[in-house]
Amino acid sequence: MTILRSLLPVFIIAAVYFVAAMMVTNSYHQLLLTLVLVWACFGLAWNMLSGYTGLISFGHAAFFGLGAYATVLAQINFGISPIIMIPASGVIGAIAGILIGMPTFRLRGHYFALAMLAYPLALVYVFDWLGYQEVTFPLMRENAAWFMQFSDRRVYTAIALVMLLTFMIITRLVERSRFGMSLIAIKQNEAAAEAAGINTLEWKLKAIALSGAMASMTGAFYSIVLLVVTPQSVFGMLVSAQALTVAMFGGVGTVWGPVIGAAFIIPVGDILHAELGSSFPGIQGVILGMAIVLVILVAPEGVFWKVRDYLARRKAKRDGISDQPDAAAEASLATTAFEIAQKTTIPAKRTISDEIILDVRNISKSFGGLKAVEDVSFEVRRGMILGIIGPNGAGKTTLFNLLNGFIKPDQGNVFVKGTDMVGKRPHALAAARVGRTFQVMRPFMRMTVAQNVKVGAYVHAKSETHAEQLAEEAVHRVGLSAIEDQLASTLTTKQLRLMELGRALAGQPEILLLDETLAGLGHSEVGDVVDAIRSLADEGVTIVIIEHTMQAMVRLVDQFLVLDHGEVLVQGDPQAVTKDRRVVEAYLGKKWSENA
Amino acid sequence: MTELQILTEAFLQALATGLQVGAIYGLMCVGLAMIFGIMRVINFAQGDFMMLGMFTALFFFSMVTQAIFGPYVGPYVAVTLAAPVMFGVGYLIHMTLISGVTGSRTAKLEGDGHYAQLILTLGISLILQNGAMMLFGPQLVSIRTPLSSKAVEIGPLWGEWVTVFINQGRGIAAIISVIVIVCLSVMITRSRLGKSLRAAADNPDASIYMGIDVNNAHRIAFALGTMITAIAGGLLATNYPFHPFVGVEFVIIMYAGVVLGGVGSILGAFWGGMAIGLVQQLSTLVLPTQLQNAAIFVVFLLIVTLRPQGLFGRVSERT
């Protein structure tokens, strides 16, 4: 219900549009009113994949064209009505999406965009070769309505309007659910999303299937409106560009964007084409191109976001809110941190059980000729804090990547609570309650603290409210409750480190892998974060932490594991390790050797 | 003539054509490699720069050089005249548009500005394609030289049979392509300008501290890349009819070549383009000609999916 209420302005605008469309009698204007809706639908389809996941597709014409050709060929060859073929095209589009997505999602960024371009271009040649240079719908004298051949063109506008409203509701439903949250997390930082327990491949496949289905249905409907299908008109470069343009112009990653874009660009382009097309063929493409260039240079995120940011700034100015961080929030943050520190000044007796929660056996990985990790074995017992130290390039981060599934080892096993997890992807390890933070911080910058942490909570949450509850708990545990509504982009390094810790915690981990959590922190801040980590350990979380600052570690860990050149140098309690001659001389250097 | 001889002849003919076409594609790819491989700017309009090079060369040919130098030398003089013009076009486009989404300004944009570059250059591409159609019309044209209908016969190689024909227009274009690439690689490895280009590409920040005008270096690299692809276009135009929308097909060919050769390597791009030319011509032995380009797209998809780092490159991602 809240979804429908949030779309109330949409329904009002749609009603006005409908009434206006019904009063138009000029058949050219009627067609234009229909086409605006069609391209808005196509823009929404593109937005579903590219807007939310950030994977730019140059190839949505592939889906569009498949829908169009399926519809026209089904009617010609089998006499099947478009009424059946439009939903059937949805199925075809979804299947095509999955088939295209499976190989193509291995690629990122510009490679993905270029690879997507190749699909429709190849299809142009294939359909040419098959002899479908120009396919026309046969005119139906009987049963015209059943074949969606209406003499009153206004019916098409009405159908397109219903289709657009459906797409908008679907988009809003996705946006407000775990689906959309996962996609946005993938867009902002795919590795972090995966480590937070999101099965990124699965969500991306769902997105491209849905997107392909929407695009394909739009293509099917488009073919009925125009009655003629040619490879260039449905698979061509301009078709893919159209989707991208209306969405980019209006605003990416919002239900409004493609609609605003279509409402502006389609009429302008078409009227220019109609007025000047005969004397200047191609004027439409030039205008489209100029619109794209202008938008990218002036408002790279589209009109919707530009206007919204502007309105927000004006409102802030009027209300006299400055951009300065709230002093009270800052103070309460300090107190929370202080409370945590208070709680742990007397080190609680942690109970380290005999249960081996993490058992790493003979794990090795080499990159080309470089042996990054060689034959590393160690055990971690439940409740302990294990510190992994070693100089830069010792293989510490690679070891973590092996443990939580970012890299597959060449050989060896990783047992988590007795189950071999080698070869499992990071999200599966998150589900098995292994959490992870990153050396280079990977926050979702455009999300608030609470949303960032919520992404991590989904892996064990039963519902939206449960996820919120888990997130709130985790935010509290790391002492960020006071700033939970701030955007991640406004936080300090320490707050970001704590937030990442919170995101990992929200997945209810039993083992936490912390990668240089103290890096880049000032002296006093180190103390705060160390205290937070210690209090987690007191609550029973097993912690494996990488660090190369020795000092902070000595008072935190129960055991050290020293790595050098990818091999284990020694494992033991802090006193023994710091006094070990090999470690002191080979790794810690002369300064420590003298002090020892 | 036996079955085997027919097959051999077809194969050798496709191989010879593939090597010639491949050399021109290689030059094209080197142009893109300057822009994409070295500066890491994604240029979607590269195919349209090539198309523009074709039309510019045609313009000079039909207006000036055909009358002065005749139909044999004229086309190549026209390409030589078109080159500096296209250098200027590239320089201006970089200055007014591309610099807005590259270099230091990309920090705030998503994906290091790659999305912005893709979409901006898509816009430029649409303007160039449709603008060219408004100016020159949609019909197929070519730079007409009698050379493209003359061939050198090699053979008979096997008894009295198996003769390979080398189209003179294409052969000369291939030879010029190789010469241009040799000149370019000498320029890049030896000259002061070439060294500053490589430095600016390798590590922009360090180059700034060393007193290199990085923005200017990037602009020159972009202009050079535009020019080289345009030269390849002009050479191709002597034996390949073209129209304003010819660029789209070649964008994929170029990216396929650059990726195959390994991103960042100029000579790699040449061999990548050569490989694509060979694939295209050899595929005619087994596929209908209409599917020639579809075959390239499939090869491109296979390359980026299986070995996005190219044949020689390596990937590494830090977490």
When you scan region A:1-90 for helices (runs of 4 or more DSSP H) that lie fully inside it, which ones turn up with 1 or more residues that are within 18 Å of A:Ser233 (Cβ to Cβ) and over 35 Å from the mean Cα position of the chain (by Cα)? A:27-46, A:61-78
Of these, A:Phe367, A:Phe415, which one is within 14 Å of another protein chain (Cβ to nearest Cβ) and under 30 Å from A:Glu202 (Cα atoms)? A:Phe367
Going by what's in this entry, would B:Val186 be described as of a type outside the set (Gly, Ala, Ser), away from chain A (no Cβ under 14 Å), touching a Leu at 6+ places or on another chain (Cβ under 8 Å) and farther than 21 Å from B:Glu9 by Cα? no
Look through region B:42-64, keep the residues that are among the β-branched types (Val, Ile, Thr) and surrounded by fewer than 24 Cβ atoms within 10 Å (Cβ to Cβ), and return whichever of them is nearest to B:Ser265 (Cα to Cα). B:Thr56
Could you grab the pairs with beta carbons closer than 7 Å, sequence gap of 6+ or different chains, first residue in region A:248-260 and farther than 14 Å from A:Ala45 by Cβ, second one acidic (Asp, Glu)? A:Gly251/A:Glu301
If I filter region A:386-395 down to residues being surrounded by fewer than 24 Cβ atoms within 10 Å (Cβ to Cβ) and not small (Gly, Ala, Ser), which single residue comes out as nearest to the other protein chains (Cβ to nearest Cβ)? A:Asn392
Looking across region A:92-145 at residues that are surrounded by 16 or more Cβ atoms within 10 Å (Cβ to Cβ) and more than 14 Å from every other protein chain (Cβ to nearest Cβ), the single one that is farthest from B:Gly47 (Cα to Cα) is A:Phe137
Just to be sure, is A:Val455 among the β-branched types (Val, Ile, Thr), more than 14 Å from chain B (Cβ to nearest Cβ) and over 15 Å from A:Arg503 (Cα atoms)? no
By residue number, the members of region A:418-441 that are crowded, with 22+ Cβ neighbours inside 10 Å and either closer than 26 Å to A:Thr490 by Cα or within 14 Å of chain B (Cβ to nearest Cβ) (or both) are A:Pro426, A:Leu429, A:Gly435, A:Arg436, A:Thr437, A:Phe438
Looking at this structure, is B:Asn130 more than 20 Å from the chain's Cα centre (by Cα), assigned to a helix (DSSP H, G or I) and away from chain A (no Cβ under 14 Å)? no
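One line per residue, one yes/no per condition, for (1) free of Cβ contacts under 8 Å to residues at least 24 places away in the same chain; (2) surrounded by fewer than 23 Cβ atoms within 10 Å (Cβ to Cβ); (3) β-branched (Val, Ile, Thr); (4) in a helix (DSSP H, G or I):
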residue	(1), (2), (3), (4)
A:Asp359	no, yes, no, no
A:Ser366	no, yes, no, no
A:Val373	no, no, yes, no
A:Val376	no, no, yes, no
A:Asn401	yes, no, no, yes
A:Phe415	no, yes, no, no
A:Pro443	no, yes, no, no
A:Gln451	no, yes, no, yes
Residue hits (region A:25-82; farther than 22 Å from A:Trp146 by Cβ and among the β-branched types (Val, Ile, Thr)) are A:Thr25, A:Val36, A:Thr53, A:Ile56
Among the helices (runs of 4 or more DSSP H) lying completely within region B:205-288, list those that include at least 1 residues that are within 12 Å of chain A (Cβ to nearest Cβ) and in contact (Cβ under 8 Å) with a residue 24 or more places away in the chain. B:247-261
Test set (1) acidic (Asp, Glu); (2) at positive phi; (3) without any contact (Cβ under 8 Å) to a residue 40 or more places away in the chain - A:Glu525 fails condition number: (2)
Filter region A:132-144 down to the residues that are in a loop (DSSP other than H, G, I, E, B) and either at negative phi or modelled with pLDDT of 90 or more (or both) and list them by number. A:Tyr132, A:Gln133, A:Glu134, A:Phe137, A:Pro138, A:Leu139, A:Met140, A:Arg141, A:Glu142, A:Ala144
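Table: residues versus (1) under 27 Å from A:Asp375 (Cα atoms); (2) of a type outside the set (Asp, Glu); (3) in contact with a strand residue (DSSP E or B) (Cβ under 9 Å, 6 or more places away or on another chain); (4) in the same structural domain as A:Leu402 (by TED's automatic domain parsing).
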site	(1), (2), (3), (4)
A:Thr492	no, yes, no, no
A:Glu547	yes, no, yes, yes
A:Ala552	no, yes, no, yes
A:Val562	yes, yes, yes, yes
A:His565	yes, yes, yes, yes
Could you pull out the residue among A:Thr335, A:Thr351 that is at pLDDT below 85 and either of a type in the set (Phe, Trp, Tyr) or in the same structural domain as A:Asp538 (by TED's automatic domain parsing) (or both)? A:Thr351
Answer from A:Ser216, A:Ser223, A:Ser278 - the residue that is polar (S, T, N, Q), without any contact (Cβ under 8 Å) to a residue 24 or more places away in the chain and either more than 21 Å from B:Ser125 (Cβ to Cβ) or in the same structural domain as A:Val124 (by TED's automatic domain parsing) (or both): A:Ser278
Taking A:Pro409 as the residue in question, decide whether it is out of contact with any Asp or Glu (no Cβ under 6 Å at 6 or more places or on another chain) and more than 26 Å from A:Asp573 (Cβ to Cβ). yes
Filtering region B:119-140 for residues that are touching a His at 6+ places or on another chain (Cβ under 7 Å) and over 23 Å from A:Ser240 (Cα atoms) leaves a count of 2
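The values are calculated or read from the model by the stated rules, or taken from the named source; none is laboratory data. No experiment lies behind these values; they were computed from the predicted model shown. All Cβ positions, glycine included, derive from the backbone under ideal geometry; neighbour counts span all protein chains shown.
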